[in-house]
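Nothing in this text is a laboratory measurement; each read-out follows from the coordinates by a stated rule. Because the structure is predicted, anything quoted here is derived from the model rather than measured. A quick note on method: Cβ atoms are made from the backbone with ideal geometry, for glycine too, and the neighbour counts reach across all protein chains shown.
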Amino acid sequence: MTLPRITLVATLLLATPALAQLQITPPATIPSPAPDKQKAKEPAKEKPKATPHTITRKKEPAPKPSASPSPTLPATVIPAPPTDNSNVDLVFGAYQRGQYKTAFDLASARAQTGDAKAMTMLGELYSNAMGIRRDYAKAVEWYKRAADAGDREAMFALAMLRMAGRGGPVDKGEAVKLMASAAKLGEPKAAYNLALLYLDGQTLPQDVKRSAELLRQAADAGLPEAQYALATFYKEGTGVPKDPERAVRLLQAASLADNVDAEVEYAIAMFNGTGTPKNQPAAVALLRKAARQGSAIAQNRLAWVLINGMGAPVDKVEGFKWHLVAKTSGKGDPELDKQLADLPADDRTKAEAAAKKWLGNK
């Protein structure tokens, strides 16, 4: 059985971009014959990984694991605003506007009345030093009170703290119980992270079918990371029957939510016509988007299609710009280095200047 190489590291899971390759390019560090402009191949054996779902006010770039060290988990979760309590809506509104001190004051008053959402908000503010000095012990206290009152967001956040040993000793057993309870109550982030624990096989016995079930639950709830991970399962036949078409539908859904790894995989599927009608111009457009979002894999593949005129007009200056940008992220390409050396001096200078400008603006 081939499993996606998903593991647990510093922020539960960090995922690097998808390692799928177009046939237009050789492996990242091994030269190969000139590419066939009409064909593309399936991704290399290294499988895409999933990212952790830790919600912050601003989206942070994601990334990808390879080994299996012990997990440490962050507690970063924004409580969902309630629909029937205007007082707590005020708390959440202040939070969303970045008025953390106001949110803290309002939540403190509401928490005294036993409001679980307000307690969860206090846990969030304490754990992330928002409007108040960071205090994991107090965060644990408020998350626990909210979890005991049945708040699924608090259960998940407390589980993350227990796994990381913040605000108290590491307690993986309690963390798993809290995640399972939150998942049963419909918390997609809990279902997703529990799925990864079943897949990793360290904290929990490895169970790929159970992992797939939990990923499906989170994916159905619209969690992009789960959609991307489940797409990998259907692509490889891990814990579910192999189904390229369903994998592509999940990649498409995750791409619409701006999951960069999914964008790269979906672009390659469209370029190849795997599980979806071939559409190379659309694939190139999506590669371009992922490249601009910082995916080194997308930058490398975009370099190939632009340099060779595959699904897009030939643009060697732009193509080699992306090659040089990808190279700074460790995605060097010896074959493209050779082609760059053969480029006319004026074009090479333009490509180098464009790459320098791009990197300087980041």
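Observations
- Separation of region 255-285 and region 157-213, taken as the distance between their Cα centroids, equals 31 angstrom.
- Packing here is the average count of other Cβ atoms within 10 Å per residue, and on that basis the peptides 306-318, 147-159, highest first, run 147-159, 306-318.
- Number of Lys pairs (Cα under 30 Å; 8 or more positions apart or on different chains) in region 144-244: 17
- Cα-only radius of gyration and Dmax that characterise region 279-362, units Å: 11.7, 34
- Fully extending the segment from Asp258 to Lys356, taken as 0.36 nm per residue of separation minus the present Cα-Cα distance, adds 32.7 nm.
- Protection proxy ranking, peptides 272-285, 342-355, average beta carbon neighbours within 10 Å, highest first: 272-285, 342-355
- Once C-alpha pairs closer than 8 Å and six or more residues apart are averaged by separation and normalised to the residue number of region 86-218, the relative contact order reads 13 percent.
- Footprinting exposure proxy ranking of Trp304, Trp142, fewest other C-beta atoms within 10 angstrom first, gives Trp304, Trp142.
- Using alpha carbons only, the radius of gyration of region 227-286 set against its Kirkwood radius gives Rg/Rh = 0.96.
- Estimated FRET transfer efficiency (Glu213, Lys278; beta-carbon r; R0 35 Å; 0.05): 0.60
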